[in-house]
Each structure stands twice: as C-alpha cells, then as structure tokens.
Amino acid sequence: MRFGKKGAHEADKPDDATVSSSIFDDNVFLPSRSPMSKEPEGGLVDSDDSNIDIIPSAAMLRQLAIGVETTRMVRSMRDLLVSSRDTSPVREKVGLNFSTVKSLVLRDKEDKIDMEFSTDEKIVYIINLLFGAEGHLSGRKTDCKMEINSTISSLIKDLHGAPPGSFVVELAEAIGCLKTLKRMASFWCRVVAELRRLWSEGRYIPGIPADEIPDLNCCLLYQQLQVINCCISRKTRRAIATESLDSVLKQADLNDDMTPSNGETALMYARVNSGDLVLRLGAAKQCENLTMLETGEPVYAPVMQEEPLLTEDLVKETEEFILRTGSVGAGCSQLLSDMQAFKAANPGCTLEDFVRWHSPPDWMEPATDDVSKESSDSDIPSSRGHLSMRMQKEGNLWREIWETAKPVPAVKQTPLYDEDLSVEHILQGLEDFPPSDFFEQLYISLLCSGCAVAETKTATDEYLYKLFLECKDYIVATCQGKNWFEKVDDLCQVYDNVAMMVLNPDEFIRFTKHDDTSTTGEQKGRFRRLSFVFGNKDKSHAKTPPKDPKSVDENPLRQSLTSMFSKKPPKAGNASPAEKPPVASIQNDWIDV
C-alpha cells in the first residue's frame, strides 16, 4: 500500500531531483478517501488505502519538510505567491517601480485564486472537508474534545504543536496533499478567505474549542484560531447581555410609579439609604451570605467585561512593555471597569462592599473579643470589620479609582478588548504569514499528532513501546533545539519507523530482533537510515566510544536500533541489483507496507 508521488516508481531519481519534482510538478496526492479515482461526493472512506486513517502519512510530512527547507528566505505567503509565478512580472512591466509591480502582481494573483480553485474539484473537495461540520480529511475522526491524557499533553507542550484531530493538524494534512509551493500558498489564501467568511457569519472554526483562552503550550497558529472562536463566543454573550439590559430598562419604564411587585423588587431594585428604590443594571446573580454594609441589601455580582485574549507573542510584547515603561499595563482599566459594573448592579454600595466581593483577603473581619470591646464603646463601624492596611494607606490606587468610577453596566462601557479589531489583526497576519513559520508549525503539529497516535497504539506491547520511546525522545530533543529545521530529513526518517511500528508492529519487531530472512531492500534501507540517525545522536553525546563492550549491552534498546545493520547506507546509484528494491526507495516519498 503506497502513498507518494505519482510515477515515483518509474524512475530512481537522486535526492535533489526528488525535492525538485515534489515542489514543481502540478500533481496532487490525496488521502485514502481521495476523489482522484472516485467522484468527490463519494468521500474518502471507501478507499482500500486506509493507512492514513490510522496515522498521519509520512509522505505528507515530507511535503511539509520541503516547505520548511525551501521558504526560509521568503517573507510572506503573498510573496510566495508572487515568486511561484510561471513568468516574471518584472520582465512584463519593466517600466514600473518595484512597489507598483508587486501590488499589481498581488492583485492579479488574488483575482485568480478563486477562479483557479473553483475549477479544481479535488481542491474544492479538500476545502469542504476541512471546514465541514463533521467532515475530516482523514478517517481517524478525532476532535478537539478527545481525551488527551497527561502523556499527550506533555508531548504537545514539548513539541509546541497542536492537539491531535484539531483544525491545525487537519490543515497540515491538507497542505501536505499539495505538491507545489504555488498550490500550497494559494490553498492557504483560500483557507484565510474561509476563515473570514466564518467570522463574518459568526460561525466557529471546526476542530477548535469554541470558548477557551489561548493555550500557550500549543503553536501560535492554534492559539490565534482559539482567539477567533473565543471572540465569537464573547460577542454572543455580549449580545445576550445587551438584550437582557434592554429588557430590564423596558420593564422599568412600565413601572414609573416605582411600586414593582414583590418578585421584581428583589431582582431589579435596591433600596438606598434615603429609602428610594434604585434600578439594578447589569446584575448577573446574587452573592450568597453577602450584603451591603450601609443598606443591608443583598450584593449582586455584575456582568463584567472579559479580560483581553493574549497569544504568546502578545504576552511577550506586554511583558516587554511593562519592563520598559514600569506601567501596570491594563490592570487599572480592568479595575475601573469592574468598579463601574459593580456600582451599577449595587446602588448604594461602598468601596468596602466592592473589596469584600472582589478581593476578600483585603477585608479583615473583627475577632470576637474585639466586637465585644468595640460594642461597649459604641464604635459600630469597627465592629463590622475594616479594610487591610494597604487599602487604608493614603493615596491608595483602589480608593482613587473608586471615587472616579461611575455606575455604568459593562455592556455600556467602552470595550477593553475589541474583538473585531483583534480578529482583523489576526486575519491580516495570517495573510502575510512568513512561509517558514507556517510550514514549521504545520510540520511540528503533524509530527506531534503522529507521535500521539503511536503512543496509544504501541502502549500495549512493552518491547515495541520502548522502541517508540527511543524515537520519541530523539524527536523531542531535536525539535527543542534552536536549529531543528536543519534536521527535518532525519526527523522524517525517524517518523517513517514510528509509522511502521503502528502499521506493521509484528514485522517491525521481527526486523529489530535480526530475523531479516524476509526483509526487503526497501525495509533494510529504512533501518539503515534509522541506525545512521541514532548513531549520529550517540556521537553528539559522547566524544569517545566505550571501551568495555558490556557498556554497550547495557542498553539493548539502543543496540537493537543502531547495530541491526552495521554497514553505512549505500550511496545513490551504487547499490547492487540484488539489494535495489523493485519500487522507489523512501527518498521518493513512498510508504510501503
């Protein structure tokens, strides 16, 4: 069963030729449920090729690796579209300056994107699967609500990837289906356009939690998509809160005589010291065992403005701003907003009431002995408790803000966080995504997803699980390095073997135990590669080999991987006819099972 380039078995090409053809041919290879041999509406599930339904394809990972290696000098996905043109725009418009030429080219490219993809049934089909409510590019059918144990969570954190089954992983597989940089860049522009459409329609991005703050353990792209979904949820909540406030005000207009029924009194009005009833605005729910000190009315928690959503890049910018200026950031604005909302929901309240609700540690309850003593002196305020020392200091910031705060419900306040502006900033950034960052995040996310699948599949076999952990440790250690992108080929080779552990565990175990009577040249070459990778890893950690052969035997796991084939991998073109496989080698992006 194979995944790879069309016609790869027809010629044995060197590595350089493999990279060239994989980027610049116009073919598209698709997952097992490909519409290439069936009608698009038929789906991908019915295909006989079901390996991708078990674990992400190594061929797709190699396509992303090529993107990582070849786009480091390109500044944005828009520039990648320009550089992928068949003809040079400069030659066609030699009389114009560079900025004019670039703008004309970009406009021409954008006009052609929809036309190009609308006539390609395969691309349209992938887009529909990617953004469908229940559709999945692979048949694994995992989603963001799957149970992610501590091991997988740790793997996501270590690799800084995305959760298995998330939109980012599905996107990585979709991009990995495309064989040219031009198609990859054009496909991404189409994805961003779809994201804009979902945002404008108030629809959630599939495969992304609907209402969760950005997970800083995941890649930046996943965090940004989380922000978009979370902003949709926040706008929905604000609309509901606005309707609720309007309903309260409308009902209050019907009670001009200020004599509401008993049920309405507790929910909508509060009696102040003067004895008047004042309308509560923006009240969410009553706080248990908490009443206002001056009026004895129950304290209501207000509907408040939600805190800004910060991705890892914004967190870094905020920290640098605070360190550079000494400012407290947005803390004062948030505090003022909370105080205004509290005053609107609790007419007649005091700073002490707010502190008791907002910051209980800053309210000191009196001791029993103190209450008895103060009661004899008729010092009633002292007997009810007092603010902490920091709150009583002259010039305390909380008191100054409280004095300036006006009773304004949260939905009527100036927004602390503009969802529309934030999402627009994200979408513009996605349009100008640096290609190297884009491919790196997709590559890591797909690699992380594959390792998570293998973690589950190999856990039932102790020997196989140990082999997997060896590969996993190498992947994590390599990806945490500064220049990990220089070793994407080694990572792909290791992942090839991880995939084989999942797809053919019995054969993999037999090969590692030196029972190679049925081992093909393709499979031998694969393990020679793994031996070479881990051999280099060992050399980087030790300058001299151990003199005592027993020290090598202490790690039979390492020995099984590094000594299974002691010879170096043969150079291209030097392999004997007996050793040369009948089909293309792993360099041609095939996965043979």
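The values are calculated or read from the model by the stated rules, or taken from the named source; none is laboratory data. In this text the structure is predicted, and so the values were computed from the model without any measurement. With ideal geometry, Cβ positions are generated from the backbone for all residues, glycine too; neighbour counts draw on all protein chains shown. We work out accessible area using only protein heavy atoms, side chains counted, and drop any ligands, DNA or RNA first. Shrake-Rupley method; radii C 1.70, N 1.55, O 1.52, S 1.80 Å.
Using R₀ = 30 Å, calculate the FRET efficiency as 1/(1 + (r/R₀)^6) where r is the Cβ-Cβ separation of Gln286 and Leu416; round to 0.05.
So the FRET efficiency works out to roughly 0.75.
Points 7 angstrom from Cα along the Cβ direction at Thr325 and Glu394: gap in nanometres?
It works out to 3.0 nm between the two label points.
How do Met292, Met389, Met364 rank by accessible surface area computed with a 1.4 Å probe, from largest to smallest?
Result, largest first: Met389, Met364, Met292.
By the gyration tensor of its Cα atoms, with a ≥ b ≥ c the square roots of the eigenvalues, what is the shape of the range 468-510: rounded for a/c under 1.5, prolate for a/b over b/c, or oblate?
Verdict is prolate for the range 468-510.
Just read off the accessible area of Asp490 with the full protein assembly in place, 1.4 Å probe, to the nearest 10 Å².
Rounded to the nearest 10, the figure is 40 Å².
Contour minus end-to-end for Asn128 and His386, with contour as 0.36 nm per residue of separation and end-to-end as the Cα-Cα distance?
The Asn128-His386 span can extend by a further 86.7 nm.
In square angstrom, rounded to the nearest 10, how much accessible surface does Val502 have for a 1.4 Å probe?
Rounded to the nearest 10, that gives 20 Å².
Using R₀ = 35 Å, calculate the FRET efficiency as 1/(1 + (r/R₀)^6) where r is the Cβ-Cβ separation of Asp432 and Ser150; round to 0.05.
So the FRET efficiency works out to roughly 0.45.
Pop out the carbon and sulfur fraction of the accessible area of the range 433-509 as a percent, whole number, probe 1.4 Å.
Looking at the range 433-509 in its full context, I get 46 percent from C and S.
Extension gain Glu194-Val476, at 0.36 nm per residue separation less the Cα-Cα distance, in nm?
Stretched fully, the Glu194-Val476 segment lengthens by 98.2 nm.
In what order, largest first, do Cys448, Cys189 sit by accessible area if the probe radius is 1.4 Å?
So, going from the largest accessible area down, we get Cys189, Cys448.
Which value in nm describes the separation of the simple spin-label points at Thr404 and Val315, placed 7 Å from the Cα toward the beta carbon?
Result: 3.0 nm between the two label points.
What distance in nm separates the simple spin-label points at Arg510 and Ser244, each placed 7 Å from Cα in the Cβ direction?
For Arg510 paired with Ser244, the spin-label model returns 6.5 nm.
Heads up, I need the accessible area for Ile232: 1.4 angstrom probe, whole protein in place, Å², nearest 10.
10
Taking a 1.4 Å probe, which of Trp188, Trp398 shows the most accessible area, and what order do the others take after it?
Trp398, Trp188
Applying a 10 Å radius around every beta-carbon, put 503-511, 463-471 in order of their mean neighbour count, most first.
Packing order, densest peptide first, comes out as 463-471, 503-511.
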